[in-house]
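One structure is given below, encoded as structure tokens.
The values are calculated or read from the model by the stated rules, or taken from the named source; none is laboratory data. Predicted model, so just to flag it, every value in this text is computed and none were measured. Methodologically, a virtual Cβ is constructed for each residue, glycine included, from the backbone with ideal geometry; neighbour enumeration extends over all protein chains shown.
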Amino acid sequence: MAFQLSVFKKRRFMPVLLAGLFCLAAGNLTAQDSGRNMSMPLTVSVFSESVSLPNFQGFFKNPNWGVRIGTEFYYRQNDGRQLLQTVNLGYYHHNGLQQGIFVSSEFGYRKFIGHFFADATIGAGYLHLISELKRYEPVGNGYKNASQRMHKVMPTVGLGLGYRFGDVTVFSRYEMFGEMPFAYGGTPLLPHKALHLGTRFQPFNK
């Protein structure tokens, strides 16, 4: 892949606005739920990222590392299940290709079996990319240098497994996310995969 065509220039601030709306909606959820004594956990994970269709190969061979922090809001929860929404902020570095900074929100369902749990999520976000490759855009019959910065929509889907120790949990999470529009070779979306290892805890419990 020698270059990518520049896209989204005229609407590059729209993803930023959408990201702001995600955060605003999350703040409203917190305010609405304050009367229910629902605490806000902190989720921290490190992950290995690669560009790939869904599989479990290549995570630890020349890994591209990233980190993500976030929190969760619960629409329903009891001892056996949770219906939740996440808000996340993250960064990754894909060696020789790009750096990515993202904000995302996901809706999910988590099922507990004793202290073990499994969950599934689907969502979207804003992905700000800094290319480490030269980029060009068409001008007349030729090309000119394009910005190394790109603004993308980031659809996500994930599956997780974990174990709960009181107010602290540890988990592993497999996630697929995309950068779109991709606009190279007729492909509308470039798929990425990520394997997370992380923890979730209650920093504000008294």
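Odds and ends about this structure:
- Qualifying residue in the range 50-72 (condition: in contact with a helix residue (DSSP H, G or I) (Cβ under 9 Å, 6 or more places away or on another chain), among the β-branched types (Val, Ile, Thr) and not in a loop (DSSP other than H, G, I, E, B)): yes
Okay, residues lined up against (1) surrounded by 14 or more Cβ atoms within 10 Å (Cβ to Cβ); (2) touching a residue at least 60 places away in the same chain (Cβ under 8 Å); (3) of a type in the set (Ser, Thr, Tyr):
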position: Gly142; (1), (2), (3): no, no, no
position: Ala146; (1), (2), (3): yes, yes, no
position: Met154; (1), (2), (3): yes, no, no
position: Tyr163; (1), (2), (3): no, no, yes
position: Thr169; (1), (2), (3): yes, no, yes
position: Arg173; (1), (2), (3): yes, yes, no
position: Phe182; (1), (2), (3): yes, yes, no
position: Ala194; (1), (2), (3): yes, yes, no
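- Any hit, the range 92-104, residues being small (Gly, Ala, Ser), buried (at least 18 other Cβ atoms within 10 Å of the Cβ) and under 23 Å from Val46 (Cβ atoms): yes
- As a summary of the residue check, Arg149 satisfies the conditions (1) modelled with pLDDT under 90; (2) more than 25 Å from Lys193 (Cα to Cα) except for the one numbered (2).
- Asn55 vs. criteria more than 30 Å from Ser39 (Cα to Cα), in contact (Cβ under 8 Å) with a residue 40 or more places away in the chain and polar (S, T, N, Q): yes
Yes or no, residue by residue, for (1) of a type in the set (A, V, I, L, M); (2) on the phi > 0 side of the Ramachandran plot; (3) modelled with pLDDT under 90:
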{"site": "Val7", "(1), (2), (3)": "yes, no, yes"}
{"site": "Lys10", "(1), (2), (3)": "no, no, yes"}
{"site": "Ser34", "(1), (2), (3)": "no, no, yes"}
{"site": "Asn37", "(1), (2), (3)": "no, yes, yes"}
{"site": "Met40", "(1), (2), (3)": "yes, no, yes"}
{"site": "Phe56", "(1), (2), (3)": "no, no, yes"}
{"site": "Phe60", "(1), (2), (3)": "no, no, yes"}
{"site": "Gly66", "(1), (2), (3)": "no, no, no"}
{"site": "Arg81", "(1), (2), (3)": "no, no, no"}
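- Flag if Glu72 is among the acidic types (Asp, Glu) and either touching a residue at least 60 places away in the same chain (Cβ under 8 Å) or over 16 Å from His192 (Cβ atoms) (or both): yes
- Residue among Leu89, Leu53, Leu42 that alone is more than 15 Å from Asp119 (Cβ to Cβ) and either surrounded by fewer than 13 Cβ atoms within 10 Å (Cβ to Cβ) or basic (Lys, Arg) (or both): Leu53
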